[in-house]
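Here the structure comes first, spelled out in structure tokens, and everything after it is commentary.
The values are calculated or read from the model by the stated rules, or taken from the named source; none is laboratory data. Note that the coordinates shown come from a computational prediction; the quantities given were computed from them, not determined experimentally. Quick reminder, even Gly has a Cβ in these numbers, built from the backbone with ideal geometry, and neighbours come from all protein chains shown.
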Amino acid sequence: MQIQLGRKEREKQAHREEILRAAEKIFAEKGFFKATMEDVAAASEFSVGSLYKFFEGKESLYEAVIQWRISTLGARISDEIAAAGGPKQAVHRYIQVWCAICTEYPDFVRMYTQQRMNDRFIKSELWCKVVGPEHSRVMRQLVDEFQKGIKQGLFRSDIYPHDMAVALDGLCDAFLYDWLGEDKRYELSARADTISRLFFAGIVVK
């Protein structure tokens, strides 16, 4: 049963989201180290003191932005994979929704891409508690689809399903880095079919 929030709680939640949206943009533009709570306060039109009523500091705010986006976007990707009509469709839908998310949330994508690999390699608390589990869950879904595809004779049996998932993850990231490096001069969603063709060319049984 969904709990109905009172007016004050709704207002508090709305203010928190306003701050998160502003912080997302500031972190994307300046990076974590150059961004300040004063920058976020100015962008969100809240006082610095008001920010500290919601978050302990800049690190806490940064982590809140990541958690806020990751939880909803990860669920969106999982839902798309689960709703697909077969292994090939699941992989294509993953690529499509991944491209769509990058296009719809460029500030978040730029913000976290700047620091993601460092977080992963040093096993930061943010990676271990928030990002890593969500990433692993989606990867497991993809591995399951590749296993189904191999059993159905759609995908090559001489490549491990896990390796297929890693290759797909890396191919998508490569296009993301190019898109961000080109300052989003082309529509990433328009590359979804290209990514699919490149990927399937390597794993589909001829």
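Would you pick out the residues in the range 13-46 that are among the small types (Gly, Ala, Ser) and loosely packed, with under 11 Cβ neighbours inside 10 Å? I'd like the intermediate steps shown before the answer.
Let us first name the residues in the range 13-46 that are among the small types (Gly, Ala, Ser), namely 14, 22-23, 28, 31, 35, 41-44.
The answer is 14, and nothing else.
Any residue in the range 158-187 that is more than 20 Å from residue 100 (Cα to Cα) sitting within a Cβ distance under 9 Å of a residue that is surrounded by 14 or more Cβ atoms within 10 Å (Cβ to Cβ) and of a type in the set (Gly, Ala, Ser)? List the pairs, counting only those 6 or more apart or interchain.
Listed by first residue and then by second, the contacts come to 159/167; 161/149; 164/149.
Give the range 191-206 a look and list any residue that's without any contact (Cβ under 8 Å) to a residue 60 or more places away in the chain, part of a helix (DSSP H, G or I) and hydrophobic (A, V, I, L, M, F, W, C), or say none.
Selection gives 198, 201, 203.
Given (1) of a type outside the set (Asp, Glu); (2) buried (at least 17 other Cβ atoms within 10 Å of the Cβ); (3) more than 23 Å from residue 138 (Cα to Cα), identify the lone condition not met by residue 10.
The single condition residue 10 does not satisfy is (2).
Would you mention how many residues in the range 135-191 are under 17 Å from the mean Cα position of the chain (by Cα) and acidic (Asp, Glu)?
3
Among the candidates 142, 154, single out the residue that is in contact with a Leu (Cβ under 7 Å, 6 or more places away or on another chain) and either buried (at least 16 other Cβ atoms within 10 Å of the Cβ) or charged (D, E, K, R) (or both). Walk me through it before giving the result.
Numbers: 154 fails: in contact with a Leu (Cβ under 7 Å, 6 or more places away or on another chain).
142 is the lone residue from the list that is in contact with a Leu (Cβ under 7 Å, 6 or more places away or on another chain) and either buried (at least 16 other Cβ atoms within 10 Å of the Cβ) or charged (D, E, K, R) (or both).
For residues that are of a type in the set (Ser, Thr, Tyr) and in contact (Cβ under 8 Å) with a residue 24 or more places away in the chain, scanning just the range 53-72, find the one that is surrounded by the fewest Cβ atoms within 10 Å (Cβ to Cβ).
Once the filter is applied, the top-ranked residue is 71.
It is to be established whether one or more residues within the range 26-46 are within 22 Å of the chain's Cα centre (by Cα), at pLDDT 90 or above, in a helix (DSSP H, G or I) and among the hydroxyl-bearing types (Ser, Thr, Tyr).
No, the conditions are met nowhere in the range 26-46.
In the range 78-95, what count of residues is obtained for those that are of a type in the set (A, V, I, L, M, F, W, C), in contact with an Asp or Glu (Cβ under 9 Å, 6 or more places away or on another chain) and over 15 Å from residue 147 (Cβ atoms)? Reasoning before the result, please.
Within the range 78-95, the first condition is being of a type in the set (A, V, I, L, M, F, W, C), and the residues that meet it are 81-84, 90-91, 95.
Those still in the list that are in contact with an Asp or Glu (Cβ under 9 Å, 6 or more places away or on another chain) too: 81, 84, 90-91, 95.
Of the ones still in play, those that are also over 15 Å from residue 147 (Cβ atoms) are 95.
Number of matching residues: 1.
Please tell me if residue 53 is assigned to a helix (DSSP H, G or I), more than 15 Å from the chain's Cα centre (by Cα) and farther than 25 Å from residue 190 by Cβ.
On the way: assigned to a helix (DSSP H, G or I): yes; more than 15 Å from the chain's Cα centre (by Cα): yes; farther than 25 Å from residue 190 by Cβ: yes.
Yes, satisfied.
Return the only residue of 103, 113 being β-branched (Val, Ile, Thr) and modelled with pLDDT of 85 or more. Full working, then the answer.
On the way: 113 fails: modelled with pLDDT of 85 or more.
Only one candidate qualifies: 103.
Among residues belonging to the range 172-206 that are closer than 17 Å to residue 94 by Cα and touching a Gly at 6+ places or on another chain (Cβ under 9 Å), point out the one that is surrounded by the most Cβ atoms within 10 Å (Cβ to Cβ).
203
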